[in-house]
1. With the condition kept exactly as written, say whether any residue in the stretch 87-95 is closer than 16 Å to Phe174 by Cβ and of a type outside the set (Lys, Arg).
2. Here's a check for you: in the stretch 306-358, which residue that is without any contact (Cβ under 8 Å) to a residue 40 or more places away in the chain and open to solvent by less than 30 Å² (accessible area, probe 1.4 Å) is nearest to Cys229 (Cα to Cα)?
3. Kindly evaluate Lys209 against the criterion of being more than 22 Å from the chain's Cα centre (by Cα) and open to solvent by 50 Å² or more (accessible area, probe 1.4 Å).
4. Has the stretch 182-198 got any residue that is in contact (Cβ under 8 Å) with a residue 12 or more places away in the chain, exposed (fewer than 15 other Cβ atoms within 10 Å of the Cβ) and on the phi < 0 side of the Ramachandran plot?
5. Return the residues of the stretch 134-157 that are buried (at least 20 other Cβ atoms within 10 Å of the Cβ) and more than 19 Å from Ser52 (Cα to Cα); say none if nothing qualifies.
6. Restricting to the stretch 108-131, and then to whatever is of a type in the set (A, V, I, L, M) and either within 20 Å of Glu92 (Cα to Cα) or open to solvent by 40 Å² or more (accessible area, probe 1.4 Å) (or both), can you tell me which residue is nearest to the chain's Cα centre (by Cα)?
7. Looking at the stretch 245-269, which of its residues are touching a Gly at 6+ places or on another chain (Cβ under 7 Å) and of a type outside the set (Gly, Ala, Ser)?
8. Given the criteria modelled with pLDDT of 95 or more and either open to solvent by less than 10 Å² (accessible area, probe 1.4 Å) or closer than 19 Å to Glu137 by Cα (or both), does Tyr69 qualify?
Amino acid sequence: MVNFKKLLIFLLLLLFLTACIKTKILDDIELIMMFGYDWDASNEEYIGTAVSPMYGSSEESDLRENTEYMARAKTIQNINSKIDTQTANPIEIGKTLGILFGEKLVRHGIHDILLAINEDPNIGRGIHLAIARESAESLLKSTMITEGTLPRFIEKLLKNNAKTNVPDMNLHDFNYRFLGTGMDPFLPIIEATSSGIELNGIGFFKKDKMIYEIGYDQFFEFKILYTDCEDHTYQFDWEEKEQTIAISSISSKITKKWKNRNQVEIIVKINGTLTESKQLGIRSFKEKAKLEQAISQKLKEEGSKLITEFQELEIDPLMIGASAKGAFRDWNKTEWEERYSDIEIIPQIEFHLEQSNIIQQ
């Protein structure tokens, strides 16, 4: 009898808890999936674009159609208020997948927008951020056919490339590097093309402005200097053999080793797989060693060029300053910023080719 009463009380409590859950019907809200912000220099105002899925009666219409809202104002708060006046239902932003910044805006500065985004508790810290080539408005209003809604496609594009081509950079990561010492943030650049949307650049920030970018050809060099990699590919032009070869299943590990206060090594150890050894004439371990040395030297040269560019621009996306802060107790922010451009940063890259079909010594 006692156990029956306990079970009854438990079921009643469960019923009450279920009744307390606040439910929302999709037809009664405007579910914003992605925001885009641009800068109009002539009028000195922001342009905001919000995209919401248009739910229809069929499965296909649910997946593909969007409704776009656009507003202009001097502040982000006013943009959001103006968008409210255009919708028949309350706006819900808790499921927002990402935020795009137009190219003109990131060159002007995103400090005020970033502050407004961070002040909104409904926006998750894990949402994706990206730069839209030219304008976020034109990209979000594009009518290209994608798998799923356009915001969902952009989210998948950024997620997939974070695994393969560019380091992941969500709102939390960006805030950490923007506000932290001894580091600077960066964002992927996406662009609408005749065939769809592609990620074709990385934009680097100094404070809240993008001042430098790299293209696809430098993605691999930057990523191996920045973080550990897994399951990547790399195309190498072997001048000695006059051939271009593809290396797959690449994994790498990175460590920073300080020799002294003015010299640090970025040690990168890379393993990769080559399956075209017969066509390349690699039949001995001597030939294999020559190829490994050639790839290591090429990556070191390209990495050194990239590091020099960062130092000349006085930006630190590789977080060298943060590493120095952890290595030296009396690290000083002001002193570091004065010395950063003169620090000797040496990439030490070791490439190892994993290959089992060599039969000659």
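The values are calculated or read from the model by the stated rules, or taken from the named source; none is laboratory data. It should be emphasised that the depicted structure is a prediction, and the values quoted were computed from it without experimental measurement. Don't worry about glycine lacking a Cβ; one is built from the backbone with ideal geometry, like all the others, and counts go over all protein chains shown. Keep in mind that these areas ignore ligands, DNA and RNA; they rest on the heavy atoms of the full protein, side chains included. Shrake-Rupley method; radii C 1.70, N 1.55, O 1.52, S 1.80 Å.
1. Scanning the stretch 87-95, I find no residue that is closer than 16 Å to Phe174 by Cβ and of a type outside the set (Lys, Arg), so the answer is no.
2. Gln311
3. Details: more than 22 Å from the chain's Cα centre (by Cα): no; open to solvent by 50 Å² or more (accessible area, probe 1.4 Å): yes.
Taking the combined requirement at face value, the residue does not satisfy it.
4. Scanning the stretch 182-198 turns up no residue that is in contact (Cβ under 8 Å) with a residue 12 or more places away in the chain, exposed (fewer than 15 other Cβ atoms within 10 Å of the Cβ) and on the phi < 0 side of the Ramachandran plot.
5. The answer is none; no residue qualifies.
6. Only one residue tops the list, namely Leu129.
7. Matches in the stretch 245-269: Ile247, Ile250.
8. Details: modelled with pLDDT of 95 or more: no; either open to solvent by less than 10 Å² (accessible area, probe 1.4 Å) or closer than 19 Å to Glu137 by Cα (or both): yes.
For Tyr69, the condition - modelled with pLDDT of 95 or more and either open to solvent by less than 10 Å² (accessible area, probe 1.4 Å) or closer than 19 Å to Glu137 by Cα (or both) - is not met.
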